[in-house]
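The values are calculated or read from the model by the stated rules, or taken from the named source; none is laboratory data. No experiment lies behind these values; they were computed from the predicted model shown. Methodologically, a virtual Cβ is constructed for each residue, glycine included, from the backbone with ideal geometry; neighbour enumeration extends over all protein chains shown. We work out accessible area using only protein heavy atoms, side chains counted, and drop any ligands, DNA or RNA first. Shrake-Rupley method; radii C 1.70, N 1.55, O 1.52, S 1.80 Å.
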Amino acid sequence: MAGRRVVVFPSSVELGPVLAHLVTSRAEKAIVSHGRFTLGLSGGSLVSMLSKELLAMPDLDCSKWVVGFCDERLVSFDDPESTYGLYKSQLFSKVNIPDSGILTIDPSLSVNECAEDYTCKLKKAFPDDDFPVFDLLLLGMGPDGHTCSLFPEHPLLEETKKIVAPISDSPKPPPQRVTMTFPVVNSARSVAFVSTGGSKAAVLKEGARG
């Protein structure tokens, strides 16, 4: 990936519109380039911020978007911990993204089967790539420096072959999750880390140096 850039905003009020513009501008370029826009989403505070700002944009057209999830908790879609469930109620149900363009886990499966099933869905959506090449991944970062569900000192940090990995011992509840691996993150055309709150400032500063 090309060079990195760090942008700091006084608050999420200023960040939100810039984030929405980043997403829609990347979408426009991707659709012109190769006919669709592939976006990887994360949960947390990003859900409400992104949903609010995208819905405020005039003439938003998501008909050629394909959306996946950088990680997901193994809970039912009506559980408040479900990232897909939150996006569905706050964004997907209000825009023209087709159901076929939303790549979700199957929460009825065991965590290992869920990871395998989601891997198959991503391979089908990206048939020409060894690792899915998303146009844009929106990632969060925890105070401990974790992104996706890849936690410091966890063995999954060393994963090089899997597209999606199961995790049954997440340090942050709920313990069962599936997550994209670093090879997928590193294959993306563009990655944006979106973090709010002073508790993450130190680890973001350290990450920017690395």
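Restricting to the stretch 126-145, and then to whatever is of a type outside the set (Asp, Glu) and open to solvent by less than 20 Å² (accessible area, probe 1.4 Å), can you tell me which residue is farthest from Lys64 (Cα to Cα)? The extreme case among them is Gly142. Any residue that is assigned to a helix (DSSP H, G or I), at pLDDT below 95 and open to solvent by less than 50 Å² (accessible area, probe 1.4 Å) - is there at least one of those in the stretch 196-206? For the stretch 196-206, residues assigned to a helix (DSSP H, G or I), at pLDDT below 95 and open to solvent by less than 50 Å² (accessible area, probe 1.4 Å): present. Of all the numbered requirements in (1) within 16 Å of the chain's Cα centre (by Cα); (2) open to solvent by 20 Å² or more (accessible area, probe 1.4 Å); (3) modelled with pLDDT under 95, Thr160 misses one, and that requirement is (1). Only residues that are charged (D, E, K, R), open to solvent by 40 Å² or more (accessible area, probe 1.4 Å) and touching a residue at least 24 places away in the same chain (Cβ under 8 Å) were counted across the stretch 56-71, and they come to 2. Among residues belonging to the stretch 13-58 that are outside any helix (DSSP H, G or I) and closer than 19 Å to Gly142 by Cα, point out the one that is modelled with the lowest pLDDT. Only one residue fits best here, namely Gly44. Scanning the stretch 122-140 for residues that are in a helix (DSSP H, G or I) and within 25 Å of Thr24 (Cβ to Cβ) yields Leu122, Ala125. In the stretch 163-190, the residue that is nearest to Glu81 (Cα to Cα) out of those that are part of a loop (DSSP other than H, G, I, E, B) and open to solvent by less than 60 Å² (accessible area, probe 1.4 Å) is Pro174. With respect to (1) touching a residue at least 24 places away in the same chain (Cβ under 8 Å); (2) under 20 Å from Phe37 (Cβ atoms), the lone exception for Asn112 is condition (2). Kindly indicate whether any position in the stretch 138-151 is at positive phi and either free of Cβ contacts under 8 Å to residues at least 60 places away in the same chain or in contact with a helix residue (DSSP H, G or I) (Cβ under 9 Å, 6 or more places away or on another chain) (or both). Scanning the stretch 138-151 turns up at least one residue that is at positive phi and either free of Cβ contacts under 8 Å to residues at least 60 places away in the same chain or in contact with a helix residue (DSSP H, G or I) (Cβ under 9 Å, 6 or more places away or on another chain) (or both). Tell me, which residue of the stretch 72-121 that is outside any loop (DSSP other than H, G, I, E, B) and in contact with a helix residue (DSSP H, G or I) (Cβ under 8 Å, 6 or more places away or on another chain) is most open to solvent (accessible area, probe 1.4 Å)? So the residue we want is Lys94.
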